[in-house]
1. What's the total number of residues in the stretch 98-109 that are under 14 Å from residue 119 (Cα atoms) and either without any contact (Cβ under 8 Å) to a residue 24 or more places away in the chain or outside any helix (DSSP H, G or I) (or both)?
2. Could you please let me know if residue 36 is at pLDDT 95 or above, surrounded by 19 or more Cβ atoms within 10 Å (Cβ to Cβ) and in contact with a helix residue (DSSP H, G or I) (Cβ under 9 Å, 6 or more places away or on another chain)?
3. Go through the residues of the stretch 239-248 one by one and say whether even a single one is surrounded by fewer than 20 Cβ atoms within 10 Å (Cβ to Cβ), at pLDDT below 90 and not in a helix (DSSP H, G or I).
4. Looking at residue 51 and the list (1) within 18 Å of residue 249 (Cβ to Cβ); (2) outside any helix (DSSP H, G or I), which single condition is not satisfied?
5. When only residues in the stretch 324-336 that are touching a residue at least 60 places away in the same chain (Cβ under 8 Å) and out of contact with any helix residue (DSSP H, G or I) (no Cβ under 6 Å at 6 or more places or on another chain) count, which is surrounded by the most Cβ atoms within 10 Å (Cβ to Cβ)?
6. Mind telling me which of the residues 318, 358 ends up being more than 30 Å from residue 273 (Cα to Cα), surrounded by 17 or more Cβ atoms within 10 Å (Cβ to Cβ) and at pLDDT 70 or above?
7. Could you tell me which numbered condition residue 71 fails, if it satisfies all but one of (1) within 22 Å of residue 154 (Cβ to Cβ); (2) at pLDDT below 90; (3) surrounded by fewer than 16 Cβ atoms within 10 Å (Cβ to Cβ)?
8. Select from the stretch 166-185 the residues that are more than 19 Å from residue 113 (Cα to Cα), in contact (Cβ under 8 Å) with a residue 40 or more places away in the chain and surrounded by fewer than 19 Cβ atoms within 10 Å (Cβ to Cβ) and list them in ascending order.
């Protein structure tokens, strides 16, 4: 038998790195519970504090602007102070902000709380990614990232269950206090158990060798300025897709509970199960969209063609959602919305992958960062528009769902013409023809 590359073959003696991933999974779950809790509780809170849809749109806008700033700022902060304190401080900021929602008695108070929540939560993903790079060799990082990132879906599932149970028994304020407290408990565990791998007493020499087995294999990447990113078609594909579809996603996450409450007059306890079904469908779509393009490639389709066909299939699955405000059956609406949200996740998986398919790897992170920042900003502005539309139409969601039904089809059509052929994209040839 031939020799094996370093780090491959027998599994290392230690597995403490998977405990670290478990902690990252838990904090990502908490992150999304805190984020989604207000949307789930909005019908209850709105009835008590008497704010309108336009004012709620301003609250969502405040969060999205702060999240965009936090995504960049907390990432840079973590580079300076390290993963241990970077993630701990980010989690403490958003946990305190989450708990502070329970003290709020006005729209301006919610805006302040959401700004602090966004600033802190923006640090979760970049800091978790940095932790994965510290604790895992390159070949294991995709799996590790997938595990911790699945916490976002679990958080979406848990938020309505926790909100309903706690609010019915102890009031909506207590739901925010509990999720905030859980975040601080996690911080205590994190600070007690996290150290760099080479400094950690629970990491034995065999596991440390495995963790560091290919840290020097990849050459240092060249940072591409944002102004240069606009020369690549992959950047424009990602921007066009994100600009047209991410505001729809923000609408789903921030207004679907209110839509179900307004349209079907369900109470908070009855709202939990429909939201759980929607987020379970979303989980399936997240996996299924990536599987579909891979299956098409294994069947002989070129990379671009497979991605575009998968995008088209997902886009077509969003079209029936325009029927959601027209049906009188809550479970028909739930299934239509669940299908649309699942399709968005499948669409996003292929859109993200198209960036790495069409660009040199040193430009991928910058393009995704640029797209993420712009998407957060646009998501905020779209929330303001949605709020005004709902106020002007007396909570008639027809126009908003109609826009959501068409946005993905427009996006995939534009992407098709931006990437019409299957061909390799080199550094020299990847420049956009603009």
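1. Residues flagged as under 14 Å from residue 119 (Cα atoms) and either without any contact (Cβ under 8 Å) to a residue 24 or more places away in the chain or outside any helix (DSSP H, G or I) (or both) within the stretch 98-109 amount to 0.
2. no
3. no
4. (1)
5. 333
6. Of 318, 358, the one residue that is more than 30 Å from residue 273 (Cα to Cα), surrounded by 17 or more Cβ atoms within 10 Å (Cβ to Cβ) and at pLDDT 70 or above is 358.
7. Condition not satisfied by residue 71: (3).
8. 168
The values are calculated or read from the model by the stated rules, or taken from the named source; none is laboratory data. Values in this document were obtained by computation on a predicted structure and should not be read as measured data. Cβ: placed from backbone, ideal geometry, glycine included. Neighbour counts: every protein chain shown.
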